[in-house]
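J.: First the structure, then my questions, so here it is.
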Amino acid sequence: MNYDVLGSIPVLASGAALVGLNFGLVYFQALLRTADLLAGGRGWLVPAGLTLARVVGAILVLAFVARLGAIALLAAFLGFLLARMIALHSAGSAG
């Protein structure tokens, strides 16, 4: 990838981290919903659909970010890990 301006690298990394954070928050919310549906014994079709949507969403988001380069992919992954940390923290304080 050709970076015309040195300042574009931090902007790209920040944007990718925000994408990863936002996707991660949605991902882990869908994971919580899936677990609630499975624990409630309401069948398997909706939880399976949510699981498929999570996996396909992760593939699409990470593939898109990977096309922007290694720095963007790493930043998006770090944003995703931050979302995981937020989800675990909120799940721990809720219980």
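J.: Quick check, is Gly79 under 21 Å from Gly92 (Cβ atoms) and within 14 Å of the chain's Cα centre (by Cα)?
T.: On the way: under 21 Å from Gly92 (Cβ atoms): yes; within 14 Å of the chain's Cα centre (by Cα): yes.
Yes.
J.: Considering only segment 32-61, state which residues are more than 18 Å from Val19 (Cβ to Cβ) and touching a residue at least 40 places away in the same chain (Cβ under 8 Å). Step through it out loud before you land on a result.
T.: Residues of segment 32-61 that are more than 18 Å from Val19 (Cβ to Cβ), as a first pass: 32-52.
The answer is Leu32, and nothing else.
J.: Can you tell me which residue among Ala83, Ala91, Ala72 is in contact with a Phe, Trp or Tyr (Cβ under 8 Å, 6 or more places away or on another chain) and either surrounded by 14 or more Cβ atoms within 10 Å (Cβ to Cβ) or at pLDDT below 95 (or both)?
T.: Working: Ala91 fails: in contact with a Phe, Trp or Tyr (Cβ under 8 Å, 6 or more places away or on another chain); Ala72 fails: in contact with a Phe, Trp or Tyr (Cβ under 8 Å, 6 or more places away or on another chain).
The conditions single out Ala83.
J.: How many residues are at pLDDT 95 or above, over 19 Å from Leu88 (Cβ atoms) and surrounded by 17 or more Cβ atoms within 10 Å (Cβ to Cβ) when one looks only at segment 18-46?
T.: The total comes to 1.
J.: Residues that are of a type in the set (Asp, Glu) and more than 26 Å from Leu88 (Cα to Cα): does segment 1-17 have at least one?
T.: Looking only at segment 1-17, we keep the residues that are of a type in the set (Asp, Glu), and these are 4.
From the residues that got through so far, the ones that are more than 26 Å from Leu88 (Cα to Cα) too are 4.
Yes, because at least one residue in segment 1-17 is of a type in the set (Asp, Glu) and more than 26 Å from Leu88 (Cα to Cα).
The values are calculated or read from the model by the stated rules, or taken from the named source; none is laboratory data. Predicted model only: the values in this text are computed from it and were never measured. Backbone-built Cβ (ideal geometry, glycine too); neighbour counts: all protein chains shown.
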